[in-house]
Amino acid sequence: MPPSATSPHGLAQRVLRSSLLEALAYPHGVDRYVELVRPLLLRHDVRAEVVAVRHQTPRSVTLTLRPNENWRGLRAGQFVGLSVEIEGIREMRPYSPSGSVHARGGELELTVSTHPDGKVSRHLRDRARPGVIVGLTQAQGEFVLPEVRPERVLLISGGSGITPVMAMLRTLCDEGFTGEVGFLNYARSPELALYGSELDALSAEHPAVRVARGYTRGGHSPISGRFRRAHLQAAISDHAGAATFVCGPPALIDAVGRIWREDGLEEPSVETFTAPALTFDTATAEGTVSFAASGRQVANNGLPLLEQAEDAGLTPEHGCRMGICNTCSCLKTSGRVRNVLTGEVSSAGEEQIRICVSVPVGDTALDI
Ligand code: FES
């Protein structure tokens with residue numbers, strides 16, 4: 001329940017919103033001071049309290065989060081940047097909430113799969129406890145259920161890619177969706193499969209939901225091995241005409257896309273959090289990169305500006321390092337940059353750019 005205007009919490013919120021207080025806190029802003037004492041009362045930033053922690057598999061942790069009043073909500077399938085401080089450095093990673101957008105109390109559920117070198121994922125698995133506060137960005141992303149729900153939906157996922165499609169499935173079920181929903185999911189083994197019991201319960205409760213699970217490295221399942229055309233019929237009566245959403249590793253996305261192209265169907269909506277393999281032309285790089293706010297300059301070495309800034313001893317904010325979360329966005333004051341994901345070259349004027357995926361094309365200046 002939101003705090004009332006007359007409760008101590010409500011009064012604190014009103015005081016924190018006053019512009020006088022903002023002026024007194026200049027140049028850091030009120031939030032810098034409030035963060036130290038009551039992080040959930042921040043005026044602008046989204047913070048969330050961990051209210052429950054469970055471990056579905058040995059390699060994952062599922063967190064239930066209660067965001068503060070700055071949270072603006074999300075659409076099923078979007079992701080958030082979650083940040084935590086590890087050894088004095090704030091680290092951020094993108095995660096897709098897996099709960100229904102109609103969840104009681106606006107709580108979010110995030111399931112984080114760990115990787116051997118995953119600093120944030122391992123930290124969350126080992127350290128997250130009820131009462132811990134984490135930072136969140138607002139929800140982002142175009143991988144979403146359309147506002148006007150399609151008649152039939154097919155959700156295909158692999159590994160941790162199950163999370164955004166789980167949000168879609170739970171949202172549709174909460175809305176009483178009566179159209180056909182196929183849910184095709186791949187995990188390495190039954191021990192590493194996420195949301196097994198929830199999926200069984202949803203398909204038992206909702207006759208229009210059909211779930212098919214496959215294990216790519218062993219374990220009994222009606223479908224076996226990696227995705228192939230024959231698996232589709234285990235999840236849906238006819239994949240043509242079903243609004244299709246695919247999230248998982250690039251190989252799964254490619255395999256699904258190939259079948260859709262063979263059948264002359266519209267490309268499915270896809271999302272992957274695997275960083276694309278990129279190569280950079282460092283031999284012909286030229287010009288100088290100027291970091292105006294810090295007064296530093298380096299010779300352009302052809303790598304993304306985030307790396308060049310770090311090499312120059314700066315510590316720009318960043319999260320995903322793959323152009324997803326927007327955390328590294330900063331002002332380019334002059335010069336052209338190439339977006340390494342799209343190949344597009346910017347204009348030479350002032351604009352916000354994501355420095356983790358921008359490579360300078362000659363002299364460039366940033367406001368950091
Ligand atoms: S760090 Fe996420 S977009 Fe650059």
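Coordinate-derived values only; no laboratory data. Everything numeric in this text was worked out from a predicted model, so none of it was measured. Every residue, glycine as well, gets a Cβ built from its backbone with ideal geometry; the counts of neighbours run over all protein chains shown.
For the range 298-358, take the alpha-carbon Rg, divide it by the Kirkwood Rh, and send me Rg/Rh.
0.92
Over the residues of the range 83-152, compute the C-alpha Rg and express it relative to 2.2 N^0.38 Å.
For the range 83-152, the normalised Cα radius of gyration comes out at 1.34.
Counting residues in the chain as N, plug N into 2.2 N^0.38 Å and put the Cα Rg over that result.
Working it through for the chain, the quotient is 1.10.
Under the 0.36 nm per residue contour assumption, what length would be gained going from the current alpha-carbon distance of Asn301 and His44 to full extension?
Between Asn301 and His44, full extension yields 88.9 nm more.
For the range 143-235, count the residues as N, evaluate 2.2 N^0.38 Å, and divide the Cα radius of gyration by that value, please.
Against the empirical 2.2 N^0.38 Å value, I get 1.04 for the range 143-235.
So for the range 244-354, considering every pair of alpha-carbon atoms, how many percent are separated by more than 23 Å?
It works out to 42 percent of all Cα pairs.
Over the range 81-226, with a single point scatterer placed on each C-alpha, what log10 of the ratio I(q)/I(0) does the Debye formula yield at q = 0.09, 0.13, 0.16, 0.19 1/Å?
-0.32, -0.66, -0.97, -1.24
Across the range 236-253, in residue order, what do the Karplus-derived ³J(HN,Hα) couplings come to in whole Hz, using 6.51 cos²θ - 1.76 cosθ + 1.60 with θ = phi - 60° and x for Gly and Pro?
Whole-Hz 3J(HN,Hα) from phi for the range 236-253: 8, 5, 7, 6, 5, x, 8, 5, 10, 10, 10, 9, x, x, x, 5, 5, 5.
Given 20 °C and 1.002 mPa s, how large is the Stokes-Einstein diffusion coefficient of the range 215-302 in µm²/s, with Rh as the Kirkwood radius over Cα pairs?
It diffuses with D of about 125 µm²/s by this estimate.
To the nearest 20 debye, what is the magnitude of the charge dipole of the chain about its Cα centre, counting +1 on the Cβ of each Lys and Arg and -1 on the Cβ of each Asp and Glu?
For the chain, the charge dipole is close to 860 debye.
Can you list residues whose amide H is under 5 Å from Val337's amide H, if they're 5+ apart or on another chain and H is modeled 1.01 Å from N?
It is Ser346, Val361, by chain and number.
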